[in-house]
Amino acid sequence: MNRNALWIWLPLGLGVVVMLLAPLALVSRPYIMHIAIVAYFYAILASSWALLAGYGGQFSFGHMAFMAIGAYTTGLFAKFVRLTTVPTGVCPEITVGSYTLFLLNPVTAGEPTCLDIAKATMPAGTLIYRPPIYVGILLGVLLGGVFGFLIGVLVLRLRQAYLALFTIGFSEILRVALNAEIAITDGPNGLELPPLFPKGVTIFGMYFDATSKIPPYYVMLFLFLGSMVFMHWLASSRYGLFFRSIREDEEAAAALGVNIVRYKVLLFVITSMIAAAAGAVEAHYIGVITPNILLILQMSLVIAMAVIGGMESLVGAAIGAILIEFALEFLRQNITIGPWTIDMTDWRLVFFGLLLMLTLRFQNNGLIYPIIQRLTRAGVTEEIAARRRLVPETVQEGEG
Amino acid sequence: MYLWLALLWIIGWGVVGAVLIPRVYARRDLDVSQAALAGAMVGAASGPFGLALLAYFTPRLDWKWVVVPGAATVAIFLTAFAATYPNNLCVSNSAFVLTQVVNGLVVGIIYGLMALGLTLIFSILGIVSFAHGEFYMLGGMFVYYLTQEWFPGLHPLAAVVVSAVLTFVIGALFEVLFLRPMNTGQVERPGEYAILVTFGLSFFLQYTTLALVGANPKKVPRYFDYPRLAIPGEEGSLLKVTPGTVRLFEEIVIPSPRVTAAVIALILLGLLMWFLYRTWIGKALRAVSQDRQAAAVTGINPNVMNTLAFGLGGMLAGLSGASLVQVFSWVPWVGTQAAARSFVIIVLGGMGSLPGAFVGGLIVGVVEALGAGCVPDPHRAAAYIPAYGMLILVLVLLLKPTGLFGREL
């Protein structure tokens with residue numbers, strides 16, 4: 001193993017081991033566990049946005065909308081879909097084998113649902129099930145992909161500012177609709193979701209109840225690691241090359257035979273599905289989801305994380321997101337300097353806004369990515385410089 | 001019931017037309033630039049019949065093919081609305097409709113002024129400023145702090161002027177510090193950099209304000225108490241003025257702070273037009289917006305014009321905030337919605353088009369007022385207000401990205 005490869009794999013492996021073993025040290029500190037779970041959530045979002053915007057050049061501001069689609073799909077599925085062994089006769093339903101799948105009707109609080117009405121006539125011994133959580137999550141991911149496909153097709157012609165405006169529009173329409181349709185989504189109060197493992201879970205003979213943070217930690221961690229591996233594979237395969245060629249120059253890429261339409265839409269579908277998966281798991285973990293996750297603030301946080309970490313590096317964006325999430329939580333404490341007390345809940349965001357602008361202006365590659373580059377590419381610059389010296393007649397080309 | 005059927009018809013056939021007609025035109029090797037829009041409009045208005053005729057004859061599509069079916073679509077929608085809700089105020093009460101329209105126009109003038117700033121920035125720097133709403137918010141905040149906290153008794157108009165100067169300085173400073181590097185080749189991919197850095201500015205300004213002034217709503221009393229007035233007399237007056245309201249033809253009521261704001265906005269529009277079309281600097285600005293290189297050749301420094309344009313754009317947003325702070329209560333995130341509205345307006349009017357921004361402002365003002373007043377189920381109507389504009393934005397971007405008056409892409 002040569003030196004460079006060692007520098008890549010050693011910190012990465014160490015990081016993964018630390019993340020895997022962290023719960024052992026943090027069992028008694030659920031608050032830290034909570035921050036870690038949320039940090040992985042943001043890391044998934046930031047790195048998938050980095051794939052979309054940094055690699056593909058598609059500056060979508062609708063990433064949180066796909067996340068919300070995943071979260072709300074599984075939430076609504078858990079709220080409205082039930083299985084019984086006997087047809088209800090009053091709810092909209094389909095019968096599959098000996099089971100009946102039916103939808104509850106949206107009602108205002110206190111009124112009986114169609115299930116309550118049907119219960120009166122049901123024979124004794126009828127079983128009513130909630131469908132399993134993972135079905136809802138899978139549905140959320142699928143629907144995220146479907147919406148990603150639609151948006152991807154619709155924005156094919158739009159670039160830069162136009163694309164940004166379109167995706168902001170999409171995200172806002174979704175937020176307003178979720179806010180307004182109170183009968184279905186519970187509006188601004190938020191939709192309540194069952195926990196990831198409603199009956200608890202047993203891992204290696206150890207039982208964890210529904211409120212334990214360890215199972216959600218591992219679910220989110222494996223989702224994070226899995227999506228990172230997948231996205232890294234994608235970015236370093238020829239697809240990644242296609243994405244980058246679209247970013248640099250669409251016409252030139254098309255002229256060289258890259259199927260622009262296919263790869264742009266593919267990029268949207270993949271990143272939306274990843275965002276939707278993160279949203280669905282996070283929503284079940286938190287237990288409630290509100291339309292406010294679609295506020296521009298949330299999107300700007302994800303963007304700030306990706307930019308500060310390094311937009312053109314998936315790992316950089318993910319590390320940036322984890323660091324910033326921890327920093328945001330630990331900066332909550334008020335600071336007292338002499339007679340003044342500074343309320344940090346607002347000032348920490350000011351600080352990150354400033355950091356975002358300064359990073360963009362002076363360190364376009366982000367703050368984490370150059371460190372990774374330094375570690376992994378140490379010596380490469382010298383090598384290139386040495387080669388250049390050997391060929392003094394190189395034609396210098398200006399940047400266009 | 002009729003309404004939903006009509007909507008289904010409009011949306012369904014509109015989508016079919018928007019998808020099919022460009023393909024037909026492309027297959028026959030004809031101009032497809034207007035095909036999606038005309039197809040959507042003809043489909044929405046006449047359904048399969050019009051679409052079949054259009055696909056068979058493939059006439060040359062000019063503005064008539066958009067305007068006539070567009071008007072027909074609106075007529076179908078309105079008829080269905082009236083048939084579904086015969087008791088709705090908007091159907092049964094013409095004075096109410098007029099009041100809504102006039103109020104919409106009055107507010108629309110100020111929306112237009114704000115969007116004008118955004119479109120000015122776009123036409124000269126070629127970027128969309130995502131921090132536009134924060135300049136609007138700052139304009140109002142400055143007026144509040146100048147007149148209520150720092151110098152009580154300061155005339156509101158003086159405060160408006162000072163806040164204009166301050167927002168101009170902030171905009172110009174930001175341009176010099178963060179946007180100028182785009183033109184000197186220090187930034188890779190300037191278009192994307194501009195989106196992110198103005199976004200960062202928005203984030204920064206909004207949270208700085210929040211941290212400094214807190215989340216409590218600020219309220220500024222109206223700038224002018226109008227004298228009591230009735231023309232020609234108390235009975236059957238054409239125009240009746242009280243300190244708080246202006247009443248036209250006895251029926252159309254406009255709150256007086258809105259009138260004040262609209263008058264300020266109209267004066268500013270006049271000044272801006274004079275500046276852009278009659279002064280050397282204004283002409284230089286327009287020259288840069290038409291052709292950067294050619295303008296530079298004639299001795300105009302494009303970098304200075306960039307700074308000026310961004311400052312002016314921010315100032316226009318600040319001025320609309322400063323004139324509306326007496327109408328609405330002011331919080332640090334008040335700019336978010338105003339910015340979204342400006343995006344809708346400039347996309348509707350055509351990015352970079354000055355008349356487009358003004359007309360778009362009027363349209364959005366009226367649509368919002370009617371939407372808020374007419375949609376049955378008031379809770380839902382209020383909740384959906386921001387979505388109407390966004391729907392316009394999304395549709396325009398899909399069907400005609402150049403908007404009403406925009407240059408061809």
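The values are calculated or read from the model by the stated rules, or taken from the named source; none is laboratory data. Owing to the predicted nature of the structure, the values given are computational and were not obtained by experimental measurement. Reconstructed Cβ throughout: ideal geometry from the backbone, glycine too, with neighbour counts over all protein chains shown.
Quick notes on this one:
- Boolean, B:Ile363 is assigned to a helix (DSSP H, G or I) and surrounded by fewer than 19 Cβ atoms within 10 Å (Cβ to Cβ): no
- Cross-chain or 6+ apart pairs with Cβ under 6 Å, segment B:69-83 first and exposed (fewer than 15 other Cβ atoms within 10 Å of the Cβ), then in a helix (DSSP H, G or I) and modelled with pLDDT under 85: B:Ala83/B:Tyr2
- Screening segment B:104-130 for residues that are surrounded by 24 or more Cβ atoms within 10 Å (Cβ to Cβ) and among the small types (Gly, Ala, Ser) and picking the one that is nearest to A:Phe166 (Cα to Cα) gives B:Ser129.
- Residues in segment B:339-358 that are crowded, with 21+ Cβ neighbours inside 10 Å, in a helix (DSSP H, G or I) and more than 13 Å from every other protein chain (Cβ to nearest Cβ): B:Gly349, B:Leu354, B:Gly356, B:Ala357, B:Phe358.
- Checking A:Ala283, A:Ala317, A:Ala321, A:Ala278 one by one, the residue that is under 16 Å from A:Phe59 (Cβ atoms), within 15 Å of the chain's Cα centre (by Cα) and either aliphatic (A, V, I, L, M) or assigned to a helix (DSSP H, G or I) (or both) is A:Ala317 and no other.
For (1) on the phi > 0 side of the Ramachandran plot; (2) surrounded by 12 or more Cβ atoms within 10 Å (Cβ to Cβ); (3) part of a helix (DSSP H, G or I), each residue gets a yes or a no:
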| residue | (1), (2), (3) |
| --- | --- |
| B:Ala215 | no, no, no |
| B:Phe224 | no, yes, no |
| B:Pro227 | no, no, no |
| B:Leu269 | no, yes, yes |
| B:Tyr277 | no, no, yes |
| B:Ala296 | no, yes, yes |
| B:Ile300 | no, yes, no |
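- Subset of segment A:352-400 (residues that are assigned to a loop (DSSP other than H, G, I, E, B), of a type outside the set (A, V, I, L, M, F, W, C) and at pLDDT 70 or above): A:Gln363, A:Asn364, A:Asn365, A:Gly366
- Residues that are hydroxyl-bearing (Ser, Thr, Tyr), more than 7 Å from chain A (Cβ to nearest Cβ) and either buried (at least 20 other Cβ atoms within 10 Å of the Cβ) or assigned to a helix (DSSP H, G or I) (or both) within segment B:177-201 comprise just one, B:Thr198.
- Test set (1) under 23 Å from the mean Cα position of the chain (by Cα); (2) facing chain A (nearest Cβ under 9 Å); (3) part of a helix (DSSP H, G or I) - B:Phe130 fails condition number: (3)
- Hits in segment A:10-57 - residues which are surrounded by fewer than 12 Cβ atoms within 10 Å (Cβ to Cβ) and within 19 Å of A:Val315 (Cα to Cα): A:Gly13, A:Leu14, A:Val17, A:Val18
- No other residue among A:Leu355, A:Leu295 is without any contact (Cβ under 8 Å) to a residue 60 or more places away in the chain, within 14 Å of chain B (Cβ to nearest Cβ) and surrounded by fewer than 21 Cβ atoms within 10 Å (Cβ to Cβ) apart from A:Leu355.
- When segment A:324-352 is limited to residues that are more than 14 Å from every other protein chain (Cβ to nearest Cβ), within 19 Å of A:Tyr31 (Cα to Cα) and free of Cβ contacts under 8 Å to residues at least 60 places away in the same chain, the one that is surrounded by the most Cβ atoms within 10 Å (Cβ to Cβ) turns out to be A:Ala327.
- Test: residue in segment B:267-274 that is farther than 30 Å from A:Phe362 by Cβ and modelled with pLDDT under 85: no
- Qualifying residue in segment A:143-163 (condition: surrounded by 20 or more Cβ atoms within 10 Å (Cβ to Cβ), free of Cβ contacts under 8 Å to residues at least 24 places away in the same chain and facing another protein chain (nearest Cβ under 8 Å)): yes
- Breaking point among (1) more than 30 Å from A:Ile35 (Cβ to Cβ); (2) crowded, with 17+ Cβ neighbours inside 10 Å; (3) touching a residue at least 12 places away in the same chain (Cβ under 8 Å), for A:Ile260: (2)
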